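One structure below.
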Amino acid sequence: MKRFASRDSSYLPSSYLNVKPSLPSLPPPPLLPSGEVASPSCMECLFPRGMIGHETTLERLVEIPSEVRTAYSLFRPTPLVRAVGLERELDTPARIYYKYEGAGPAGSHKSNTALAQAFLAREAGITRICTETGAGQWGSALSQACLQFGSSLEVFMVRASYLQKPLRRVFMEMHGASVHASPSSLTSAGQSFLEKDASHPGSLGIAISEAVEQVLGDPSCCYSLGSVLDSVCLHQSVIGQEALLQMKEMGDFPDEVVACVGGGSNFAGIAFPFVASGEGVSYVAVEPSSCPTLTQGELRYDYGDSSGLTPRYMMYTLGCDFVPPPIHAGGLRYHGMSPLVSHLVSLGMVRAVAVFQEDVFSAAKLFLRCEGILPAPESAHAVSYVIDSALRAKEAGTPSVILFCLSGHGLMDMAAFS
């Protein structure tokens, strides 16, 4: 039995793979507050032109800049592993594989887009980037990327995670980033929320508002977003492209492709290349029951932030003013969902499932004992579903094949497990 796929350098893609040409239709475009379509030129106050080009392209293949690909080559291709220990523990006929993005330099899949965005900012002559982060994995990845490509970085970190995960803040600061608990007193948006609640736990929507406010009116600064956008989903396609080749090497092919969802980037990364391949696969997006965007939200136009500074996107949303409880999976505490992921759910191409935090932590501990890796709380949502799916396969006596994205490790989240 082969357990590990090789990490052959030829598996690292030379181009990003765009899912849009493979879809039967596209989601409606983003809108300005006036109701007009947000044209590419409207986005130039926030994003570098190269990023806008990635956001709006309909080309199937988009070349990865050589410097970005060189940066990827330090850790990509990432491992694809058959979870033999977990299969044995569950006594299941299912064959379980995971694509391990925790092997990246910041411990998650976020470096795939962080490196691209920092490079595109440098190419546009931008010297300062401002962003938000939930659990801190995105901020960690972007702090490394900014250091590599010569930009300063300011991060608004959701207050609940800022307090729960102080080592993430330390990691970002070690790479030169300035990190603020959000809501903060540095912006009008932050001040408005602190006036209502001085100990506000924060949300990704609020942190986005603060970051965007800092960028507007400063031509030397751009905004960087670690999920949701079409361009981010495009950058993350390196995950699924590698997985397709590695699964072929393993002589297997998934019946189910599974990943956790907060804004949708790591789900898109593992799933969209399989969608584009046209193969008959079941896709499952797993979210927290305390922030059930896909399973209980509405599909409608809504702002990406909590103060209405961004365009409105057609997406599943709980409302831009929704503040989820301070769960440990800080990266999944977002009110909205990627328009592309939302669109696939609305078309019936993707199934959404919500799981409870106590089941998530039990699954993470079991995975650690069986596979030797502690998943991040976000990734553990996928693990929880995979365990349930494998047990259903056992009951049915069906040898299904499950592939999931283990999008981050939990080594900085140990306090959550104590």
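The values are calculated or read from the model by the stated rules, or taken from the named source; none is laboratory data. Treat the numbers as computed from the prediction; the structure is a model and nothing was measured. Cβ sites come from the backbone with ideal geometry, for glycine too, and all protein chains shown count toward neighbours.
Determine which member of the set MET43, MET51 is closer than 21 Å to SER237 by Cα and within 24 Å of the chain's Cα centre (by Cα).
MET51
Looking only at residues that are of a type in the set (D, E, K, R) and buried (at least 22 other Cβ atoms within 10 Å of the Cβ) in region 280-336, which one is nearest to MET43 (Cα to Cα)?
Across region 280-336, the extreme among qualifying residues is ASP305.
If you scan region 245-302, which residues turn out to be over 19 Å from the mean Cα position of the chain (by Cα) and among the hydroxyl-bearing types (Ser, Thr, Tyr)?
Within region 245-302, SER277, SER282, TYR301 meet the criteria.
Specify the residue that is farthest from the chain's Cα centre (by Cα); the eligible residues are those in region 319-336 that are modelled with pLDDT under 85 and among the hydrophobic types (A, V, I, L, M, F, W, C).
VAL323
Quick check: anything in region 379-389 modelled with pLDDT of 95 or more and surrounded by fewer than 20 Cβ atoms within 10 Å (Cβ to Cβ)?
Yes, because at least one residue in region 379-389 is modelled with pLDDT of 95 or more and surrounded by fewer than 20 Cβ atoms within 10 Å (Cβ to Cβ).
Report those helices (runs of 4 or more DSSP H) wholly inside region 253-367 carrying at least 1 residues which are free of Cβ contacts under 8 Å to residues at least 40 places away in the same chain and either within 23 Å of THR133 (Cβ to Cβ) or of a type in the set (Phe, Trp, Tyr) (or both).
Those helices (runs of 4 or more DSSP H) span 265-277.
Going by what's in this entry, would LYS20 be described as buried (at least 22 other Cβ atoms within 10 Å of the Cβ), in contact with a Leu (Cβ under 8 Å, 6 or more places away or on another chain), among the charged types (D, E, K, R) and closer than 26 Å to MET247 by Cβ?
no
I'm trying to understand the selection: among the residues of region 240-269, which are among the β-branched types (Val, Ile, Thr) and more than 30 Å from CYS45 (Cα to Cα)?
VAL257, VAL258
Out of the residues in region 145-170 meeting the condition of being within 17 Å of HIS409 (Cα to Cα) and in contact (Cβ under 8 Å) with a residue 24 or more places away in the chain, tell me which one is surrounded by the fewest Cβ atoms within 10 Å (Cβ to Cβ).
Per the stated criteria, the residue is LEU167.
When you check LEU366 against the structure, is it more than 17 Å from SER407 (Cβ to Cβ), in contact with a Phe, Trp or Tyr (Cβ under 7 Å, 6 or more places away or on another chain) and surrounded by fewer than 20 Cβ atoms within 10 Å (Cβ to Cβ), yes or no?
no
So which residues in region 150-167 are over 28 Å from GLY319 (Cα atoms), in contact with a helix residue (DSSP H, G or I) (Cβ under 8 Å, 6 or more places away or on another chain) and not in a loop (DSSP other than H, G, I, E, B), if there are any at all?
Of everything in region 150-167, those that are over 28 Å from GLY319 (Cα atoms), in contact with a helix residue (DSSP H, G or I) (Cβ under 8 Å, 6 or more places away or on another chain) and not in a loop (DSSP other than H, G, I, E, B) turn out to be SER152, LEU153.
Please indicate, with yes or no, whether at least one residue in region 387-401 is in a helix (DSSP H, G or I) and within 14 Å of LYS99 (Cα to Cα).
no
Do we find that GLU67 is modelled with pLDDT of 95 or more, over 26 Å from MET349 (Cα atoms), out of contact with any Asp or Glu (no Cβ under 8 Å at 6 or more places or on another chain) and surrounded by fewer than 20 Cβ atoms within 10 Å (Cβ to Cβ) in this structure?
In short, yes.
Collect the residues in region 184-214 that are over 22 Å from the mean Cα position of the chain (by Cα) and under 30 Å from ASN266 (Cβ atoms), keeping them in residue-number order.
Scanning region 184-214 gives SER184, LEU186, THR187, ALA189, GLY190, PHE193, HIS200, GLU213, GLN214.
Pick from GLU55, GLU44, GLU89, GLU101: which is crowded, with 19+ Cβ neighbours inside 10 Å and acidic (Asp, Glu)?
GLU101
Looking only at region 184-217, which residues are among the acidic types (Asp, Glu), surrounded by fewer than 14 Cβ atoms within 10 Å (Cβ to Cβ) and part of a helix (DSSP H, G or I)?
Once the filter is applied, which keeps residues that are among the acidic types (Asp, Glu), surrounded by fewer than 14 Cβ atoms within 10 Å (Cβ to Cβ) and part of a helix (DSSP H, G or I), region 184-217 yields only GLU195.
Working carefully through the options ALA106, ALA181, ALA118, find the one that is in contact (Cβ under 8 Å) with a residue 24 or more places away in the chain, in a helix (DSSP H, G or I) and of a type in the set (A, V, I, L, M, F, W, C).
Matching residue, one of ALA106, ALA181, ALA118: ALA118.
Going by the structure shown, is SER338 of a type in the set (Ser, Thr, Tyr) and touching a Gly at 6+ places or on another chain (Cβ under 6 Å)?
Against the criterion (of a type in the set (Ser, Thr, Tyr) and touching a Gly at 6+ places or on another chain (Cβ under 6 Å)), SER338 qualifies.
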